[in-house]
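First comes the structure, then the notes that go with it.
Derivation of every value follows stated rules applied to the coordinates shown; laboratory data play no part. Predicted model, so just to flag it, every value in this text is computed and none were measured. Note that each Cβ is placed from the backbone with ideal geometry, even for glycine, and that neighbours are counted across all protein chains shown.
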Amino acid sequence: MRKTTGIGLSAVMATLLAAGTASADTIKIAFIDPLSGPFASTGTNGLHQYEFAAETLVNEKGGVLDGDTFEIVAFDNKTSPKESLVQLQVAIDQGIRYVVQGNSSGVAHALTDAIEKHNRRNPDDRVLFLNYSAVDPALTNENCNFWHFRFDANADIKMDALTDVIAEQDDITKVYVIGQDYSFGKAVSSAATSFLGEKRPDIEIVGNELHPIGKVKDFTPYSRKIVSSGADAVITGNWGADMLNLGKSVIDNGFDGPIYTYYAAADGITAAFGESGKDRLRLVTEGQTNPPPNDRAAAYIEAFKAKYPDGNMSQTRITNVIEMLAKAINEAGTATDVVAVGEALEGMEHESMWGGTLYMRPEDHQLIQDVLITVHTNEGIDYDLDNSDYGQRMEHRIEMAGMDSPTTCKMRRP
Amino acid sequence: MDLVLVNLIDGLVTGLLLFMLSAGLTLIFSMMGVLNFAHASFYMLGAYFAYQISVYLGFWMGLLVAPLIVGALGAGVERYGLRRVHQYGHVPELIFTFGLALLIEEVVQFIWGKDQIPYEIPGILEGAAFAIAGNTIPLYKVFMIFLSLAIFGGLLFVLTKTRVGMIIQAALSYPRTVEALGHNVPLVFMGVFGVGTALAGVAGVIAGPVLSTFPGMAVVLGSIVFVTIVIGGLGSLGGALVASLIIGWMTTFAKAYDMRMEDLLTWMGLTKPEPIWDSAWQDLWTLTSPQVADILPYLLMVLILIFRPYGLFGKRDV
């Protein structure tokens, strides 16, 4: 009860403050992600999380600098790199200096290239790219640049954490790797083989296979191969319908080991797995929600669910993006000079709302953070996903995962 | 050897499911000469209706009621849509059904959203029926097999042994004569369209929980259904069954066994170019059967069209 009054009070104060500083500016942040098409639900949910984070974490607390407030401006890119570039230009023409994007590494590559070119040619209205979800390692390695900051752990760091946990399980001696036939699926497969070979040379990779992305109607034949290979565990990078169908099929057809994966939660997937995936699905992710790491995180999730009852607090890193950007703007003392803001972000350490410390590694602009292994269950779940009673509970926490992971990034600074 | 048996069963399930879809489509085509592009959309509607009913009344009521609603919708589409468009010829009919497919997908997204919906198999059918060498055959699949066999039997009985079936068969070949004999041919058409779409609805109801229920489910199955009826012979029920089973087994076996193109080419007396990653033929040499499994039915269709254009059991040219 006291907590609610606290929130109410700060809201009132924020309103008073906002009224007091009528001259304050708004700092616009362009959200370029799918708001229509097959991935629309992921994009829309992400947009809600951004709007909520900007409102609660910045604007209601008096904004940044002299009361400047954040405003999220949504641009629909239909998950297309081409469309994203059009939208980027529109955003730049509106005077927007900050771009956030996350869904699809293909789009992220297009944006980071375009932004680097733009910033080189137009030193007067440069743009920062805050990537919150695209995990292709290349974005912070060979294709890195000063303007790109990644707030999610990249695919290699996640696989490193995942294989750490698998390596501890002595009863796992055979592993089956299966994924979608495109760059991310291949990256997952090669990372899994190389990390497991290093950490547990005795583990046999009994299958390593790629299937057409989004085209498989029935995964039964694949499940048969997995079961008859005698695998103790399955590793997959599948997402969306491919994740759900593969997971359900292997479980239905007699596989009884764990399934280690990246994206098997929220957007209807948690609800669809329900009981059948209990204690079987293990995700490598960031941002602890079960149990909530502290009262602040708990109150934040509750407030979000109160505003969006059908939504999911599924991308906790979004709050990190907003908080760290606000902090960097305050430190730089300006929101218009993005070089100063970028320099403030570099090497920034920040206490995450979701527990643990965040560190923006200056060499490659990869955020180093705690990576979690969570399990799909309905026990000990304070905050479920898809309103299904099921959610992801933390099992392992790898602190500052990938802190000393190598990078080939050679950044040219402005 | 055990795995062969398991794959035979898996392929049978896939094939029978395909049959339930293609049976209705091929009947509608042979009677009205209309390729119904929206057929798979009725399959999707079956799954969504059954889900909505199962939320309140349980799976079994869904299985009973959803196909009836879908069939009624289908009959309505024929009566108030297709019949009016019919006078303008076949192309407008095609465009009409094509537009209908798009419309149904949008409506489904509008009502149920873009996410997958949690349509589950009923508790009584959960779990394994039996296991062959560690490979469990889910009870639900056994149920699917028996249900589709029963439907096939029923359909065959109605078409060949009853008076209604005889009128339908007569209307298939000589609609004008049948009409002259005093039968209401438009009513027969409407009935067949309704039954055909209801069959698609049944397929949706039982496939929804295993193949997942989402707005793209019609598109995923849409093209393969056409391939099936072309292979089987347009208008032939038996052909649809045989083609469905062939496709089911062909894709299942191709995916379950990692047959490599490399072995085939070596067997044909060719030598593998070394190093393979520099060769222009790299893609061909590194192909495996799971990668091509889903295009095999299309390949078969092309071959059928070349060598036997009226399909396996069909009587008329495509």
Please give the helix A:295-307 orientation as an angle from the longest Cα principal axis of chain A, in degrees from 0 to 90, rounded to the nearest 10. 90 degrees
Could you work out, residue by residue across B:135-144, how many beta carbons of other chains sit within 10 Å of that residue's beta carbon, and then give the average as an integer? 3
Region A:93-144: radius of gyration over Cα atoms, expressed as a fraction of 2.2 N^0.38 Å: 1.13
Hey, can you grab everything whose amide H is under 5 Å from the amide H of A:GLU395? Only 5+ residues off in sequence or another chain; H modelled, so Pro and N-termini drop out. A:ILE373, A:THR374, A:VAL375
Project the alpha carbons of chain B onto their principal axes and report the range along each, largest first, in whole Å. 72, 48, 40
Cα-based convex hull volume of chain A per residue, rounded to whole Å³: 128 Å³
In nm, give the distance between the simple-model label positions of B:LEU156 and A:ASN122, each being 7 Å from the Cα along the Cα-to-Cβ direction. 7.0 nm
Amide H of A:GLU71 versus every other amide H placed in the peptide plane: which residues, excluding those fewer than 5 positions away on the same chain, fall under 5 Å? A:ILE27, A:LYS28, A:ILE29
Calculate one ³J(HN,Hα) per residue across region B:162-173 by plugging θ = phi - 60° into the Karplus curve 6.51 cos²θ - 1.76 cosθ + 1.60, and present them in order as whole Hz with x for glycine and proline. 10, 5, 4, x, 5, 4, 4, 4, 5, 5, 4, 8
Residues whose modelled amide H sits under 5 Å from the amide H of A:ILE368, counting only those 5 or more places away in sequence or on another chain, are A:TYR359, A:MET360, A:ARG361
Helix B:296-307: inclination vs chain B longest Cα principal axis, degrees, rounded to 10, gives 70 degrees
Nearest-0.05 FRET efficiency for A:ASP295 and B:VAL91 at R0 = 60 Å, using Cβ-Cβ distance, is 0.35
Stokes-Einstein, Kirkwood over Cα pairs, region B:204-317, 25 °C, 0.890 mPa s; D in µm²/s equals 151 µm²/s
Over the alpha-carbon set of region B:1-144, work out the extent along each principal axis and list the three values in angstrom, largest first. 59, 37, 25
Convex hull of the protein assembly as shown built on C-alpha atoms - directionally averaged projected area, nm²: 36.5 nm²
Lysines within cross-link reach of A:LYS225: Cα-Cα under 25 Å, excluding same-chain residues under 8 positions apart? A:LYS174, A:LYS186, A:LYS215, A:LYS217, A:LYS248, A:LYS278, B:LYS141, B:LYS255
Per-residue HN-Hα couplings for region A:200-210 [Karplus 6.51, -1.76, 1.60; θ = phi - 60°; Hz; x = Gly/Pro]: 9, x, 6, 6, 9, 7, 7, x, 9, 9, 10
Helix B:39-57 axis, angle to chain B major axis (alpha carbon atoms, nearest 10°): 80 degrees
What is the distance, in nm, between label points placed 7 Å from the Cα along the Cα-to-Cβ direction at A:MET411 and at B:ALA131? 5.3 nm
Karplus ³J(HN,Hα) for region B:91-100 (6.51 cos²θ - 1.76 cosθ + 1.60, θ = phi - 60°; Hz, whole; x = Gly/Pro) runs 4, x, 4, 4, 5, 4, 5, 5, x, 4
